[in-house]
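Encoded as structure tokens, the structure appears first; notes follow it.
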Amino acid sequence: MVIEGNANKVSKGIIKKVAGPLVIAEGMRDANMFDVVRVSDQRLIGEIIEMHGDRASIQVYEETSGLGPGEPVESTGVPMSVELGPGLIGSIFDGIQRPLDDIMKVSGNNLKRGVEVPSLKRDLKWDFKPKKAVGDTVVEGDVLGTVAETDIVTQKIMVPYGINGKIKSINSGSFTVEDVIAVVETETGDKEITLMQKWPVRRGRPYKEKLSPDMPLVTGQRVIDTMFPIAKGGVAAVPGPFGSGKTVVQHQLAKWAEADIVVYIGCGERGNEMTDVLNEFPELIDPKTGKSLMERTVLIANTSDMPVAAREASIYTGITIAEYFRDMGYSVALMADSTSRWAEALREMSGRLEEMPGEEGYPAYLGSRLAQFYERAGRVITLGSENTEGALSVIGAVSPPGGDISEPVSQATLRIVKVFWGLDSGLAYKRHFPAINWLTSYSLYTDTMADWFNSTVDESWMELRHNIMRMLQDEAELEEIVKLVGMDALSAGDRLKLEAARSIREDFLHQDAFHEIDTYTPLHKQFLMMKLVMAYYNSSLEALEKGADIEKIVSLKSRERIGRFKYTETAKVDEEYKNILTDLASDIENAIPKEEY
């Protein structure tokens, strides 16, 4: 893979100034913006982020203590890139795609500076099965062959970007990522293709066409799928204070969302949280395959005690790897936890560069950098002659201080994303999980996906959802009245509405992530759960009009069965649904007073 750059013309300079993760070097006239550089004799990894004449401002991704003026700086002539090929799945990388297991072999438990290890293991051999033959004409993005990377994931070896021509030779057998597996004859000469290709992280991988977000990414989480759905290829933000369950929501989505590949970026998170992810993901059983979840997952671990500048790179490293699998035709879910820590890295570097600060010290370009990241999501037709469809959905956690979403990172994110799952510490303290506040959250994809839900699940899906949302909003208004004048001041109809809304909250929106059945709810079961709650409300309303006592309506025996319906096995939901409706009709009939003659 040819990467734009100046690899043959290496630029060498010397350090003029060191300020934390920022190093100023002179004599770098031949270097380019975003070139990777090696700083000092320790060969620390850095990236040029600003050029003034021959003076380069370098963002160093490792600890810079001990560096001083006069030490050498050498440009590699190529931009910060990731290696893409077999060996990505199941790996755990740091923010600049260095495999943590290989770093540990070189430096032990104490991470040393300047460690140089390849991103993909050079000694492993992979079985390559060609799909094309000698003489075939190929274009960029065409699949040359496949490698079975894990039991779950088959990696497609694609013609790199910029290469079009006729296959001169193609081999089958076991190869390392550096071995040549094919030669393509192009107008500019023969191009050798290996199992591995490189791609600059700050440039989105190209595609043919972006598709409309009219299909949901089904997650099995009721409050998400029913109330605030995310489209396949969509973007969502999960802001919330500490302890409100951001990480649990992202774990549930990683486990249950309809995605073939999961890329999880721990960006500047606390070490213990990342340790939980590293310990839990290999133990989590993928419900679709019965294998370990790690067999379709790539982890990027970049904790808060690692150099702050590396956080900035970790987001781009993760999304470039995700785009690579999207180009194979997979549905990819990327979890970024959290973009607030990434923004703090931007603020740190901006301050060191002495740029004019924006709100709360963040750089003025914070919003545009966030937009550049999120706009790389989408459902697309990939390059190649087969018109393959792939999707990349991005779920970014935001950690506003004290849960105050009026701060700049949250506000900049909300201007970009189409789905807002607002986590509420009040709900979390009440042990209501997922703690997504139904009054403040929203999804702008709902209308574009209405036809899909109505045609795929049931034609009354959107109407039911609308009725349930309206009832929850009415409940909020009625609770204000109750606080002022007490429950006794409400009419029987309003009391019934409060009871039905409580049933929606406790029986439908509340979901136990650790219960073997309740952890995932198919769309058909979600629909039946909504119908049961509304059936209770509508039939009780008719009973009240016929003179039934509200106390009897509230304490119907069938209400408990409605509440326990979420624990019903998927195969038995239709039968149980009919039985509950029968019991409900009987209970309502008994609650209506009989006329005396």
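The values are calculated or read from the model by the stated rules, or taken from the named source; none is laboratory data. Small disclaimer: the values here were computed from a predicted structure and weren't measured. Glycine also receives a Cβ, built like all others from the backbone with ideal geometry; neighbour counts cover every protein chain displayed. For accessibility, only protein heavy atoms count, side chains too; no ligands or nucleic acids. Shrake-Rupley method; radii C 1.70, N 1.55, O 1.52, S 1.80 Å.
In this view, the solvent-accessible surface of His432, computed with a 1.4 Å probe and all protein chains in place, comes to about 20 Å².
For a straight C-alpha distance cut-off of 17 angstrom, the lysines reachable from Lys168 (same-chain residues fewer than eight places away being disregarded) are Lys129, Lys131, Lys132, Lys191.
The string of couplings for the stretch 57-64 from the Karplus curve (6.51, -1.76, 1.60, θ = phi - 60°) is 8, 10, 8, 9, 8, 9, 4, 9 Hz, one whole number per residue in order, with x for Gly and Pro. Please report, as a whole percent, how much of the solvent-accessible surface of the stretch 309-390 comes from carbon and sulfur atoms (probe radius 1.4 Å). The nonpolar share, carbon plus sulfur, comes to 44 percent. Under a 5 Å amide H cut-off, with hydrogens placed 1.01 Å from N, Glu71 pairs with Ile15 among residues at least 5 apart or on other chains. An oblate overall shape is assigned to the stretch 462-597, the ratio a/c of its alpha-carbon gyration tensor axes (a ≥ b ≥ c) being 1.5 or greater and a/b not exceeding b/c.
Classify the chain as rounded, prolate or oblate, taking a ≥ b ≥ c as the square roots of the eigenvalues of its Cα gyration tensor: rounded when a/c is under 1.5, otherwise prolate if a/b is larger than b/c and oblate if not. Prolate, since a/c reaches 1.5 and a/b exceeds b/c.
As a fraction of the 1.4 Å probe accessible area of the stretch 194-304, surface on carbon and sulfur atoms comes out at 52 percent.
For the stretch 348-387, the list of chymotrypsin sites (Phe, Trp or Tyr not before Pro) that fall in a loop by DSSP and count at most 15 other C-beta atoms within 10 angstrom reads Tyr365. Given their separation in residues at 0.36 nm each and the Cα-Cα distance between them, Lys125 and Asp30 gain 30.4 nm when the chain is fully extended. Think of it as helices only: each DSSP H run of n ≥ 4 in the chain is worth -39500 (n - 2.57), and spread over all residues that comes to -9500 deg cm²/dmol at 222 nm. Which chymotrypsin sites (Phe, Trp or Tyr not before Pro) does the stretch 472-537 hold that lie in a coil by DSSP with at most 13 other beta carbons within 10 Å? In loop regions of the stretch 472-537 (DSSP not H, G, I, E or B), the sparsely surrounded chymotrypsin sites (Phe, Trp or Tyr not before Pro) are Phe514.
Rank these residues by their accessible area, most exposed first, probe 1.4 Å: Trp452, Trp438.
On the way: Trp452 65, Trp438 30 Å².
Heavy-atom accessible area, descending, gives Trp452, Trp438.
Accessible surface ranking for Arg352, Arg495, 1.4 angstrom probe, highest first: Arg352, Arg495. Only Cα pairs under 8 Å and 6+ residues apart enter the sum, and on that basis the relative contact order of the chain stands at 13 percent.
Only bridges with both residues in the stretch 256-316 count here: give the DSSP antiparallel percent, nearest 5. Each step should come with its number before you reach the end.
Working: 1 of 8 bridges.
Roughly 10 percent of the beta bridges in the stretch 256-316 run antiparallel, per DSSP.
So what's the net charge close to Thr297: Lys and Arg +1, Asp and Glu -1, counting the other residues with Cβ under 14 Å from its Cβ? Mind dumping the intermediate values first?
On the way: positive: Lys255, Lys288, Lys291, Arg296; negative: Glu149, Asp151, Asp260, Glu280, Glu283, Asp286, Glu295, Asp337.
Value of the local net charge: -4.
Using a 1.4 angstrom probe, figure out how much accessible area the chain has per residue, in square angstrom, rounded to the nearest whole.
Roughly 43 Å² per residue, with all protein chains present.
Here the stretch 540-597 has 47 percent of its accessible surface on carbon and sulfur atoms, given a 1.4 Å probe and all protein chains in place.
Beta-bridge orientation, the chain: approximately 70 percent antiparallel, per DSSP, counting only bridges with both partners inside.
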